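Contents: one structure, followed by commentary.
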Amino acid sequence: MIVRKSKGELETMREGGRITAACLRMLAENARAGVTTKDLDGMAEDFIRSRGGKPEFKGYQGFPASICASPNSMIVHGIPGSYRLKDGDTISLDVGVRYEGFVTDSATTVAIGEIPPDAEGLLSTTRQCLAAATEQMRAGKKLGDVGYAIQVLAEARGYGVVRDLVSHGVGRKMHEDPQIPNYGRPGAGPRLLPGMTFAIEPMITLGSYDIRIDERDGWSIYTADDSLAAHYEHTIAVTEDGPWVLTAA
Ligand code: MG
Ligand code: MG
């Protein structure tokens, strides 16, 4: 069942979403060569708690940290640790904040120093995929329209659209129904209605869409062919007036 939120609940989620957005912005400013992902994790936890939020990832199914930090060919779910950022890296930073009983979930991919043109293109296209999906988040549209908007843009440029990881409903729980593939058929799937809230998160690669889970930690997910990956995410509400990006700056 897709849980619909009241106007008041959406406003609460927007307040939490502002904390999530500000945390991601702070992390992006601090992500530079020489900084470890564990450093970023500590900054994020302090930031979220100081604003009355709780880092939702910490302890989620045993996850040991407050953010996911996934460099280069790691797509998502990287555990912050001793990895030290260097010029030319890209890194997906993913933040979930619980605030007043509701979760908002957002991610960005940051370039560290200069990155090659093909990496720039991948990041730019993945941002455009999220924007195109957001544009579909309107009452009366179908979830297949959302996935299709991502897929058609990414595949037209020869990129891989990760299939084994999905966008999702979000609200009182980080993962609510439904799971939303980042590909799809126009006009297929559940109809969007006001009050629905989804975390839309295209994961796009320079190579194939197959994934590999790191068996050493059980969390980190890489592209199977070690090609570069990019990941952007917003928590978005469907409203009578169109899409409302709850994790916008
Ligand atoms: Mg996320
Ligand atoms: Mg998510």
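Would you mind finding the one in 193, 143 that is modelled with pLDDT of 95 or more, surrounded by fewer than 19 Cβ atoms within 10 Å (Cβ to Cβ) and away from ligand 1 (no atom under 16 Å from the Cβ)?
Working: 143 fails: surrounded by fewer than 19 Cβ atoms within 10 Å (Cβ to Cβ).
Exactly one residue qualifies, and that residue is 193.
For residue 239, which of the numbered conditions (1) closer than 18 Å to residue 78 by Cα; (2) over 18 Å from the mean Cα position of the chain (by Cα); (3) hydroxyl-bearing (Ser, Thr, Tyr) fails to hold?
(1)
When only residues in the stretch 146-160 that are of a type outside the set (S, T, N, Q) and in contact with a strand residue (DSSP E or B) (Cβ under 8 Å, 6 or more places away or on another chain) count, which is surrounded by the fewest Cβ atoms within 10 Å (Cβ to Cβ)?
So the first thing to find is which residues in the stretch 146-160 are of a type outside the set (S, T, N, Q), and the list is 146-150, 152-160.
Imposing the further condition that a residue be in contact with a strand residue (DSSP E or B) (Cβ under 8 Å, 6 or more places away or on another chain) reduces the set to 146-147, 150, 154-155, 159-160.
Details: 146: 29, 147: 26, 150: 28, 154: 27, 155: 14, 159: 25, 160: 21.
Going through the qualifying residues, I end up with 155.
Have a look at 104, 126, 108 and point out the one that is open to solvent by 20 Å² or more (accessible area, probe 1.4 Å), of a type in the set (S, T, N, Q), in contact (Cβ under 8 Å) with a residue 60 or more places away in the chain and within 16 Å of ligand 1 (Cβ to nearest atom). Full working, then the answer.
On the way: 104 fails: open to solvent by 20 Å² or more (accessible area, probe 1.4 Å); 126 fails: open to solvent by 20 Å² or more (accessible area, probe 1.4 Å).
None of the others qualify; the one that does is 108.
Would you mind finding the one in 200, 180 that is touching a Ser or Thr at 6+ places or on another chain (Cβ under 6 Å) and either within 23 Å of residue 28 (Cα to Cα) or in contact (Cβ under 8 Å) with a residue 40 or more places away in the chain (or both)? Quick ask: steps written out before the conclusion?
Working: 180 fails: either within 23 Å of residue 28 (Cα to Cα) or in contact (Cβ under 8 Å) with a residue 40 or more places away in the chain (or both).
Of 200, 180, the one residue that is touching a Ser or Thr at 6+ places or on another chain (Cβ under 6 Å) and either within 23 Å of residue 28 (Cα to Cα) or in contact (Cβ under 8 Å) with a residue 40 or more places away in the chain (or both) is 200.
Mind counting the residues in the stretch 158-187 that are over 18 Å from the mean Cα position of the chain (by Cα) and either under 17 Å from residue 1 (Cα atoms) or within 16 Å of ligand 2 (Cβ to nearest atom) (or both)?
Residues flagged as over 18 Å from the mean Cα position of the chain (by Cα) and either under 17 Å from residue 1 (Cα atoms) or within 16 Å of ligand 2 (Cβ to nearest atom) (or both) within the stretch 158-187 amount to 0.
Only one of (1) within 14 Å of ligand 1 (Cβ to nearest atom); (2) within 16 Å of the chain's Cα centre (by Cα) fails for residue 63. Which number is that?
(2)
Within the group 166, 170, 245, 238, which residue is at pLDDT 95 or above, within 16 Å of ligand 1 (Cβ to nearest atom), touching a Pro at 6+ places or on another chain (Cβ under 7 Å) and of a type in the set (A, V, I, L, M, F, W, C)?
Numbers: 170 fails: touching a Pro at 6+ places or on another chain (Cβ under 7 Å); 245 fails: touching a Pro at 6+ places or on another chain (Cβ under 7 Å); 238 fails: within 16 Å of ligand 1 (Cβ to nearest atom).
Exactly one residue qualifies, and that residue is 166.
Inspect the stretch 76-86 for any residue being under 13 Å from the mean Cα position of the chain (by Cα), of a type in the set (A, V, I, L, M), more than 13 Å from ligand 2 (Cβ to nearest atom) and under 21 Å from residue 207 (Cα atoms) and give the result as yes or no.
no
Which numbered condition trips up residue 114, out of (1) charged (D, E, K, R); (2) within 29 Å of residue 29 (Cα to Cα); (3) within 15 Å of ligand 2 (Cβ to nearest atom)?
For residue 114, the exception is condition (3).
The values are calculated or read from the model by the stated rules, or taken from the named source; none is laboratory data. It should be emphasised that the depicted structure is a prediction, and the values quoted were computed from it without experimental measurement. Here Cβ is always computed from backbone atoms with ideal geometry, including for glycine, and neighbour counts include all displayed protein chains. Accessible surface areas use protein heavy atoms only, side chains included; no ligands, DNA or RNA. Shrake-Rupley method; radii C 1.70, N 1.55, O 1.52, S 1.80 Å.
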